[in-house]
1. Using the reciprocal of the averaged 1/r over all distinct C-alpha pairs, how large is the Kirkwood radius of the protein assembly as shown in Å?
2. Taking a point 7 Å out from Cα toward Cβ as the label site, list the nm distances between residue A:155 and the same residue in every other copy, smallest first.
3. If I model a spin label at residue B:37 and residue B:147 as a point 7 Å from the Cα along the Cα→Cβ vector, what separation in nanometres do I get?
4. Around residue A:134, under 10 Å between beta carbons, what's the net of Lys plus Arg minus Asp minus Glu among the other residues?
5. Using a label point 7 angstrom from Cα along Cα-to-C-beta, what distances in nm, from shortest up, separate residue B:91 from the other copies?
6. Going toward the positive end of the dipole of chain A, with +1 on Lys and Arg Cβ and -1 on Asp and Glu Cβ, which of A:146, A:183, A:105 do you reach last?
7. Measure of size requested: the Rg and Dmax of chain B, with Cα atoms as the atom set and Å as the unit; please supply both.
8. If I take every Cα pair under 8 Å that is 6 or more residues apart in chain A, average their sequence separation and divide by the length, what percent do I get for the relative contact order?
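Taken together, the values in this text are just the output of simple stated rules run on the coordinates, not laboratory data. Please read these numbers as outputs of a predicted model, since none were measured by experiment. For neighbour counting, all protein chains shown are included, and Cβ atoms are generated from backbone atoms with ideal geometry for every residue, glycine included.
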There are 2 protein chains.
Amino acid sequence: MTDELAISSITPDFSTAVPDGDDRERRICNTCGFVDYVNPKIVAGSVVTDKDGKVLLCRRAIEPRKGFWTLPAGFMEENETVEQAAQREAKEEACADIRIQQMLAVYSVPRISQVQIMFRARLESSIDSGPESLEVGMFDWKDIPWSELAFPTVIWALTHYAATRHLQAFPPFTNPPGTEKITR
Amino acid sequence: MTDELAISSITPDFSTAVPDGDDRERRICNTCGFVDYVNPKIVAGSVVTDKDGKVLLCRRAIEPRKGFWTLPAGFMEENETVEQAAQREAKEEACADIRIQQMLAVYSVPRISQVQIMFRARLESSIDSGPESLEVGMFDWKDIPWSELAFPTVIWALTHYAATRHLQAFPPFTNPPGTEKITR
Ligand SMILES: [Zn+2]
Ligand SMILES: [Zn+2]
């Protein structure tokens, strides 16, 4: 607790400059010289279905978009594969064991420097709310709460899932046309 | 020049702790409090072919694996799509304009926290060595210098390209079995 207070009471002081050997400006700390190479972040997630074709959705317990429904997905961590990241997120958010079936889509959200890698997966356990979910549920297609989905990419992934649900193998989708400028 | 010297003469001093609201240890600067969230990095690249089926390779002018042959590929930057990153890298390393055709593979290299997203693409310009390439060339399949390729993922991507070169659409490949522990 003392450590946490100490950490949050110090504010890093950055300016921008081109580091030696680099070709573009980076944030560099004026206090300690740390170069903050900001890379795009990877979100890994899944459209998880059960044997009846119901889809797993999680109602977010955290911002952004608290209270809205989303697919189990989250930031990839170090030292894991994309598939392991998607499985970990399903476990953390819905206490779900899933079997990855195929890559469904790779969406880029350049305004926020995110790449979202979405899989089609099969539920292999019961589900329950993890700490980041208010509730979780398996939804019949007709019951999906379209107006209460958290992010555009959730709508895209569900739509792309529906377009290929009877296919064994297909190329992954990318962004729908005209979506270069979304910010979440 | 003065700035570059100033930057490299300061050494950040990090220790590890769990930041408030987080669930795992991060590197935190003892001098300024900056939390270094290290995320996996995305490499975007392409197997680029011309109308005769020749493959574009670049001989590396920089470490690691200087002098070895590679596909045009590199770290994704902020505020671009994966496809734009692959096109930018082809331009930077081989002065090549390319048209992205399909996603070929998504490889995870967890030991070094990398995700490599590789496309199949068509060459639409001449080629020339960029600053990171000693030379570039279009190779007939029989002339590919297999023993002088820079990284395992280059071998995988070329092999996966060959397996699907006559297909219009196919699911992207992931890692070959047993490759979880490679370190480059
Ligand atoms: Zn600092
Ligand atoms: Zn610092």
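1. Evaluated over the protein assembly as shown, this radius sits at 22.2 Å.
2. 4.6
3. That separation, rounded to one decimal, is 4.7 nm.
4. Neighbourhood net charge equals +1.
5. 4.2
6. Result: A:146, furthest along the dipole toward the positive end.
7. Radius of gyration, then largest Cα-Cα span, for chain B: 19.0, 58 Å.
8. Numbers: 354 pairs, mean separation 40.4, N = 184.
Averaging sequence separation for qualifying contacts and normalising by length gives 22 percent for chain A.
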